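Have a look at the structure below before the remarks.
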Amino acid sequence: VLDTHAGAGLYRLDGQAARTSGEAGDGVLALLPAQSGEADESPPLPAALADYLGVVQDCASRHGPRAYPGSPFITAALLRPDDRLKACEVHPTDAKLLAQNLESLGRGRQITALRENGFGVVRKFWPPPSRRGLLLCDPSYEIKSDYERVPQLLEEALKRFATGVAAIWHPIIPRPEAHQLPKRLKALAQQAGKPWLYATLAVGGEAPKRLPGQAKAPTRLRASGVFIVNPPHTLAGQLRAALPVVTQRLGKDRHAGFQVLTQG
């Protein structure tokens, strides 16, 4: 697994950033009680959602009740003995935290933290020696050039390792670049003749207002998408079972919804 924008790897839901945005309360914390605190007659959670929440709860049991796993920790929980993870982060503070957090797992050479720009590591590590791999790309998109570099990354990845799985996350926000990105990714997959899956989730709700004393209103992301090239053949069915439950639990209004599109 090659994680191009790993961040710090582990986060605190009671930390300053989480308290400022308030997203955790309306997000994962709203999902977690569903696994253990509902009435007996409630239907069981879809398998994919139950597995995800299991990883989140296991992380909390190991690292504190308000600890939340970023993508490197979720990946680490799913690695088999022969699997490897390379997690990249270029921001100095986050890169230092990432190295410390991953080292705390005690997994030795199975998991490597790299202080590098993730957009450049495909040239070094793709394809993996095993010829089986997942490329995970979820930049912040706070830098406008990310919208250009992400398609370039996918194009290069497909040239180097056409059968590898590539998963690319992006925000759904009112910017032309964000609107065009999934179309560009779809075009690249189709040109390469590869199957793809595109899933989106929107929770709706009004934009938060600026409170007295705040320089600006907190930003809350209300919709996002994941584009996957060479998806596992069972993934579409798993998402179509899990996303209605997530939408029901997290949706704020009629603008909440999801979609799962596939080709190939």
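The values are calculated or read from the model by the stated rules, or taken from the named source; none is laboratory data. This is a predicted model, so every value here is computed, not measured. A quick note on method: Cβ atoms are made from the backbone with ideal geometry, for glycine too, and the neighbour counts reach across all protein chains shown. Protein only, heavy atoms only, side chains kept; ligands, DNA and RNA dropped before computing areas. Shrake-Rupley method; radii C 1.70, N 1.55, O 1.52, S 1.80 Å.
Quick notes
- Look at the Cα gyration tensor of segment 87-169: its axes a ≥ b ≥ c give a/c of at least 1.5 with a/b at or below b/c, and that counts as oblate.
- Label corresponding to Kirkwood radius over Cα pairs in Å when calculated from the structure given, among [x] 18.5; [y] 18.0; [z] 19.6: [z]
- CD proxy at 222 nm, helix term only [per DSSP H run n ≥ 4: -39500 (n - 2.57); per residue of the chain; nearest 500]: -11500 deg cm²/dmol
- The trypsin sites (Lys or Arg not before Pro) of segment 91-181 that DSSP puts in a loop, and whose beta carbon has at most 15 other beta carbons within 10 Å, are Arg107, Arg115, Arg131, Arg132, Lys144.
- Count Lys and Arg as plus one, Asp and Glu as minus one, and take only other residues whose Cβ is under 12 Å from that of Asn101; the net charge is then +1.
- Candidate membrane-span-like segments in the chain, meaning DSSP H helices with Cα atoms spread over at least 15 Å of their own axis and a Kyte-Doolittle mean of 1.6 or above, do not occur, with no membrane implied either way.
- Note that the chain presents 55 Å² accessible area per residue, ligands and nucleic acids not counted, probe 1.4 Å.
- Whether segment 102-148 is rounded, prolate or oblate, judged on the alpha carbon gyration tensor where a/c under 1.5 counts as rounded: oblate
- Euclidean distance between Cα centres, segment 39-110 to segment 121-198, Å: 22
- Note on segment 109-240: with neighbouring protein chains present and a 1.4 Å probe, carbon and sulfur make up 54 percent of its accessible heavy-atom surface.
- Percent RCO, i.e. relative contact order, over segment 132-184, from Cα pairs under 8 Å lying at least 6 residues apart: 47
- Average Cα contact separation per residue, the chain, under 8 Å, 6 or more apart, as relative contact order %: 21
- Antiparallel content of DSSP bridges confined to the chain, in %, to 5: 65
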